[in-house]
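*Asks:* Below is a structure I'd like to ask you about.
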Amino acid sequence: MPNTSPRVALIETKPSRTNYKDEFDNAFEFDQYQLCSDPGIKKVLKRDCDIDIDVDAYDWLILVGSDALKYFTPINSVTEYSGKKVEGKFLPVINPAMLAFKPEARRTWEDSKQSIIEYINDEKEDVVIDSSVSFGIQDTEVANAYIQAAIDAPKPYVSLDSETTGLYPRDGHMLGISLSYDDQKGAYIDTNCFDETTEELLQTLFNKKTVIFHNAKFDIAFFEYHFNFKFPKFEDTMLLHYLIDENPGTHGLKQLTMKYTKYGDYEKPMYDWIKQYKKEHGILKEQFTWDMIPFEIMQVYAGMDALATFLLYEKFVKILQNPKLKWVYENILIPGTRFLIDVQDNGVPFDRQRLLIGQEAMQNDIDKAITTLYENEKIRKFEEIQGKQFNPNSTVQLRSLLFDALGLPPTGKKTGTGANSTDAEVLGQLAEQSEVPGLILDIRQKSKIKNTYLDKIIPQLDRDSRLRTGFNLHGTTSGRLSSSGKLNMQQLPRDNPAVKGCIKAAPGHKIIAMDLTTAEVYVAAVLADDTELMDVFRSGGNFHSTIAHKVFQLPCEVHEVADLYPDKRQAAKAVTFGIMYGAGAAKIADEVTKSSGKRFTKKDAQEAINDYFKAFHKLRAWLDNNTKFIKQNGFVYSYFGRKRRLPNVESTDQGIVGHSIRSGLNFLVQSTASDINLLGAIDMGAYIKAKGMKSRIFALVHDSILAEVPDDEADHYMEKLVEFVQMDRGVKIPNTPIGCDFEIIHEDYSNGKFEKMYGTAGQ
């Protein structure tokens, strides 16, 4: 009887000690290969690969790790495709060896292993996506009938998606909508077939049903801007998944569909078409728009978006059985979505003329610095030896210049390849010994500001000179907002006013920034129930001086601490913030030394830490108890109910374990402080809309709430914002609310620094 068992090959990057037969539970036989036969090579490049394999001789090829996946397929992400069939017979899987230091990947490995076993044993088949599953509608009557069927469907929810030509409502239009009302099919409806009845039916649907989106903030903004649709009840599978897995980069619709449904990579045929189309027509990535995709190609992909969202919702909604996560979802994430739609639509107010002036001035500064650099005698001598012009962007040349030609001592900082680093930190240190590193650093910094910010902001401004960028609820593990899109508002240059100085309120308005003060320490004091630390807040006055006076029992008045004991004050400050972020004695010693200008040893730092916890012993106990809880359970909940999963506490690497514990402790205070701020901002945003105020919150940057406020609303705005932020949400020192610090900016966000640097031409 002939052998009918499938022929299987397993390919790893290089020889290892991993017993893959055991890892796959001896479920099948396979031949084992390596891309590179040399186990001594640390990073295997394509030129190192000497594998000799007849791919056609095998029914299945298991590709272990990203290197093997990239070698045999055009796909890069092994995590995303782990356990999925690609290119007909390839089965990518993460490397099980990583589980020793990354236990968080255990679930991915187990699920992938089971999937691969099922494929090889012919227990799993790919689902064929045809018109019975996903289809397009270009006829008005057919569209209206489908929408009516959705209205009449028994389930109280439908899923909805949009296909657009841009990422922001003002930058494009809507090509079509995707709609699903059951778990069997999804339809893509061309907006060109919409009539008045279609729009009325859609609004009826949205009024009757809960509408499920994947990234509601994006879709609702488009539906509101282009059709003025309203969504009384909506849910978001992306945010539901954020409750399941809070790690950034895990919430894409495609990867979740591949992970949680039977439909696999349904996008691939469309993206294959796009790739071929761009190649045939010589179209660059930035030139391609989605309206170039024919309807018959788009319909399958788009219809599947709605069906996938529907299926994911039915799986993910179960997470709301957890009352803590349910509270976060209903009180922060969903209201936060509505709030951020408005924040993004408000836009960041830029002064176009200032941007142009800053752009020109920055280029002049760069040109001057470049001229000075090339006129430097040492650079000229280096070029003579090299026989070519020095390129400061060449790390090889720069390394040779600094450490060979100039003879500067390496700082000890290395690149990933083990070479001496030439990054900004290194150049800053070397600039104390030579003019050249300082010039190069200056060119780099100014070029980055011009290229990354000024050059990109100007063409992206809307006609009202406002820049509409993105703010995200799901971009951090702590719950702090992240920013992405046209401008990352969380990463504006601090040391140069060229960008901040261009953020300017309209005439008759002010920019008002509200910051929480020592919020994380405040939260820690309340959560730890440390009355001694709470008393520091109750006492008022200079916070860090009070801490130092209490911790070190200084023989002076509190107001004298800064003058008489500046190193002690700095030590108290470093320890206060250090323990919130898990800093040890060495880190704190370095920080105090840099800040005070006096040598502060590791021993000094440890003594300061010990004295600190003697003064605030309940804080110490709280930290110890939560450390124990994290070690035992691998997760922790914030006060408001966010969950931080920390599976890497099971790692065999104690460095990784320590990092996980520190992350968990920091999460407890940072997340709670951030949510206090966000909840206050959400309530303020709702109040502005309800009262018809003209004030516009346009950004949340770290712990700051930024708004453009009419002069006649300023006092009322600040009064109400303080009220909402300081509202008693359970984390409050009696009679001592969390501190709110206002900065009223009459001119620009740089507080006049732009004018001092570039003159009054920008007015």
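*Asks:* Being outside any helix (DSSP H, G or I) and surrounded by fewer than 17 Cβ atoms within 10 Å (Cβ to Cβ): is that true of GLU723 here?
*Replies:* Considered against the rule, which asks whether it is outside any helix (DSSP H, G or I) and surrounded by fewer than 17 Cβ atoms within 10 Å (Cβ to Cβ), GLU723 comes out as no.
*Asks:* Cβ-Cβ below 7 Å, separation at least six or inter-chain, first residue in segment 195-217 and modelled with pLDDT of 95 or more, second in a helix (DSSP H, G or I) and acidic (Asp, Glu): which pairs?
*Replies:* These pairs meet every condition: PHE213/ASP219.
*Asks:* I would also like to ask the following. Just checking, which of GLU650, GLU560 is closer than 27 Å to TYR242 by Cβ and acidic (Asp, Glu)?
*Replies:* Being closer than 27 Å to TYR242 by Cβ and acidic (Asp, Glu) holds for just one of GLU650, GLU560, which is GLU650.
*Asks:* Which of the residues spanning segment 348-390 are surrounded by 16 or more Cβ atoms within 10 Å (Cβ to Cβ) and of a type in the set (Gly, Ala, Ser)?
*Replies:* Of everything in segment 348-390, those that are surrounded by 16 or more Cβ atoms within 10 Å (Cβ to Cβ) and of a type in the set (Gly, Ala, Ser) turn out to be GLY358, ALA361, ALA369.
*Asks:* Taking the stated definitions as given, is GLU246 assigned to a loop (DSSP other than H, G, I, E, B), in contact with a strand residue (DSSP E or B) (Cβ under 8 Å, 6 or more places away or on another chain) and surrounded by 17 or more Cβ atoms within 10 Å (Cβ to Cβ)?
*Replies:* Spelling it out, GLU246 is indeed assigned to a loop (DSSP other than H, G, I, E, B), in contact with a strand residue (DSSP E or B) (Cβ under 8 Å, 6 or more places away or on another chain) and surrounded by 17 or more Cβ atoms within 10 Å (Cβ to Cβ).
*Asks:* Sticking with this one: Looking at segment 351-369, can you tell me whether even one residue there is touching a residue at least 24 places away in the same chain (Cβ under 8 Å), touching a strand residue (DSSP E or B) at 6+ places or on another chain (Cβ under 9 Å) and not basic (Lys, Arg)?
*Replies:* Scanning segment 351-369, I find at least one residue that is touching a residue at least 24 places away in the same chain (Cβ under 8 Å), touching a strand residue (DSSP E or B) at 6+ places or on another chain (Cβ under 9 Å) and not basic (Lys, Arg), so the answer is yes.
*Asks:* Can you find a residue in segment 11-18 that is in contact (Cβ under 8 Å) with a residue 60 or more places away in the chain and among the small types (Gly, Ala, Ser)?
*Replies:* yes
*Asks:* Okay, moving on. Report the residue count in segment 498-537 for those that are closer than 30 Å to GLU747 by Cα and not acidic (Asp, Glu).
*Replies:* 21
*Asks:* Quick check on this structure: which one of ASP265, ASP345, ASP272 is surrounded by fewer than 20 Cβ atoms within 10 Å (Cβ to Cβ), assigned to a helix (DSSP H, G or I) and in contact (Cβ under 8 Å) with a residue 60 or more places away in the chain?
*Replies:* Of ASP265, ASP345, ASP272, the one residue that is surrounded by fewer than 20 Cβ atoms within 10 Å (Cβ to Cβ), assigned to a helix (DSSP H, G or I) and in contact (Cβ under 8 Å) with a residue 60 or more places away in the chain is ASP345.
*Asks:* If you take the residues of segment 20-74 that are at pLDDT below 95, closer than 23 Å to LEU99 by Cα and among the β-branched types (Val, Ile, Thr), which of them is surrounded by the most Cβ atoms within 10 Å (Cβ to Cβ)?
*Replies:* Restricting to residues being at pLDDT below 95, closer than 23 Å to LEU99 by Cα and among the β-branched types (Val, Ile, Thr), the top hit is VAL44.
*Asks:* Name the residue that is nearest to the chain's Cα centre (by Cα), counting only residues in segment 4-19 that are buried (at least 18 other Cβ atoms within 10 Å of the Cβ) and closer than 21 Å to ILE120 by Cα.
*Replies:* That would be GLU12.
*Asks:* Do we find a residue being within 19 Å of ARG696 (Cα to Cα), surrounded by 17 or more Cβ atoms within 10 Å (Cβ to Cβ) and touching an Asp or Glu at 6+ places or on another chain (Cβ under 7 Å) anywhere in segment 475-493?
*Replies:* no
*Asks:* Sticking with this one: Give the residue that is surrounded by the most Cβ atoms within 10 Å (Cβ to Cβ), with candidates limited to residues of segment 676-720 that are under 18 Å from PRO349 (Cβ atoms) and at pLDDT below 95.
*Replies:* Taking the candidates together, the pick is VAL701.
*Asks:* Hey, can you tell me all the residues within segment 494-515 that are surrounded by 16 or more Cβ atoms within 10 Å (Cβ to Cβ) and touching a helix residue (DSSP H, G or I) at 6+ places or on another chain (Cβ under 7 Å)?
*Replies:* Passing the criteria: ASN496, PRO497, ALA498, VAL499, GLY501, CYS502, LYS504, HIS509, LYS510, ILE512, MET514.
*Asks:* Can I ask one more? Looking at GLU104, GLU80, GLU110, GLU29, which is the one that is over 31 Å from the mean Cα position of the chain (by Cα) and among the charged types (D, E, K, R)?
*Replies:* Step by step, each of GLU104, GLU80, GLU110, GLU29 is checked, and only GLU29 is over 31 Å from the mean Cα position of the chain (by Cα) and among the charged types (D, E, K, R).
*Asks:* Something else: So, in segment 628-648, how many residues would count as being touching a residue at least 24 places away in the same chain (Cβ under 8 Å), more than 27 Å from LEU678 (Cα to Cα) and out of contact with any Pro (no Cβ under 6 Å at 6 or more places or on another chain)?
*Replies:* So the count comes out to 1.
*Asks:* Among the candidates LYS510, LYS573, single out the residue that is assigned by TED's automatic domain parsing to the domain that holds PHE742 and of a type outside the set (A, V, I, L, M).
*Replies:* LYS510
*Asks:* Looking for whichever is in contact with an Asp or Glu (Cβ under 9 Å, 6 or more places away or on another chain) and surrounded by 23 or more Cβ atoms within 10 Å (Cβ to Cβ) here; the options are MET298, MET304. Which one fits?
*Replies:* Only one candidate qualifies: MET304.
*Asks:* Can you list the helices (runs of 4 or more DSSP H) found entirely within segment 391-462 that contain at least 3 residues being surrounded by 19 or more Cβ atoms within 10 Å (Cβ to Cβ) and of a type in the set (A, V, I, L, M, F, W, C)?
*Replies:* Here the list reads 424-430, 435-448.
*Asks:* Working carefully through the options ASP563, ASP590, find the one that is of a type in the set (Asp, Glu), more than 13 Å from ILE547 (Cα to Cα) and surrounded by fewer than 15 Cβ atoms within 10 Å (Cβ to Cβ).
*Replies:* Details: ASP590 fails: surrounded by fewer than 15 Cβ atoms within 10 Å (Cβ to Cβ).
Among ASP563, ASP590, only ASP563 is of a type in the set (Asp, Glu), more than 13 Å from ILE547 (Cα to Cα) and surrounded by fewer than 15 Cβ atoms within 10 Å (Cβ to Cβ).
*Asks:* Still on this model: Under the condition of being touching a Ser or Thr at 6+ places or on another chain (Cβ under 8 Å) and in a helix (DSSP H, G or I), which residue from segment 92-104 is surrounded by the fewest Cβ atoms within 10 Å (Cβ to Cβ)?
*Replies:* The selected residue is ALA100.
*Asks:* Among the numbered conditions (1) outside any strand (DSSP E or B); (2) over 20 Å from the mean Cα position of the chain (by Cα), tell me where ALA707 comes up short.
*Replies:* (1)
*Asks:* Just give me the residues in segment 528-581 being touching a residue at least 60 places away in the same chain (Cβ under 8 Å), in contact with a Phe, Trp or Tyr (Cβ under 6 Å, 6 or more places away or on another chain), part of a helix (DSSP H, G or I) and more than 14 Å from THR518 (Cα to Cα), in sequence order.
*Replies:* Matches in segment 528-581: ALA528, GLU532, VAL551.
*Asks:* Could you please find all residues in segment 56-91 being part of a helix (DSSP H, G or I) and in contact (Cβ under 8 Å) with a residue 24 or more places away in the chain?
*Replies:* If the condition is that a residue be part of a helix (DSSP H, G or I) and in contact (Cβ under 8 Å) with a residue 24 or more places away in the chain, then ALA57, GLY65, ASP67, ALA68, TYR71, PHE72, THR79, GLU80, TYR81 are the ones that fit.
*Asks:* Quick check on PHE667: is it part of a helix (DSSP H, G or I), without any contact (Cβ under 8 Å) to a residue 12 or more places away in the chain, within 27 Å of THR517 (Cβ to Cβ) and of a type in the set (A, V, I, L, M, F, W, C)?
*Replies:* Values: part of a helix (DSSP H, G or I): yes; without any contact (Cβ under 8 Å) to a residue 12 or more places away in the chain: no; within 27 Å of THR517 (Cβ to Cβ): yes; of a type in the set (A, V, I, L, M, F, W, C): yes.
Spelling it out, it is not the case that PHE667 is part of a helix (DSSP H, G or I), without any contact (Cβ under 8 Å) to a residue 12 or more places away in the chain, within 27 Å of THR517 (Cβ to Cβ) and of a type in the set (A, V, I, L, M, F, W, C).
*Asks:* Pull out all pairs, ordered by first then second residue, where Cβ-Cβ is under 7 Å, the residues are six or more apart or on different chains, the first lies in segment 728-742 and is without any contact (Cβ under 8 Å) to a residue 40 or more places away in the chain, and the second is surrounded by 12 or more Cβ atoms within 10 Å (Cβ to Cβ).
*Replies:* Close Cβ pairs (under 7 Å, with a partner that is surrounded by 12 or more Cβ atoms within 10 Å (Cβ to Cβ)) amount to PRO737/GLN726.
The values are calculated or read from the model by the stated rules, or taken from the named source; none is laboratory data. Everything numeric here is computed off the predicted structure, so don't read it as measured data. Glycine also receives a Cβ, built like all others from the backbone with ideal geometry; neighbour counts cover every protein chain displayed.
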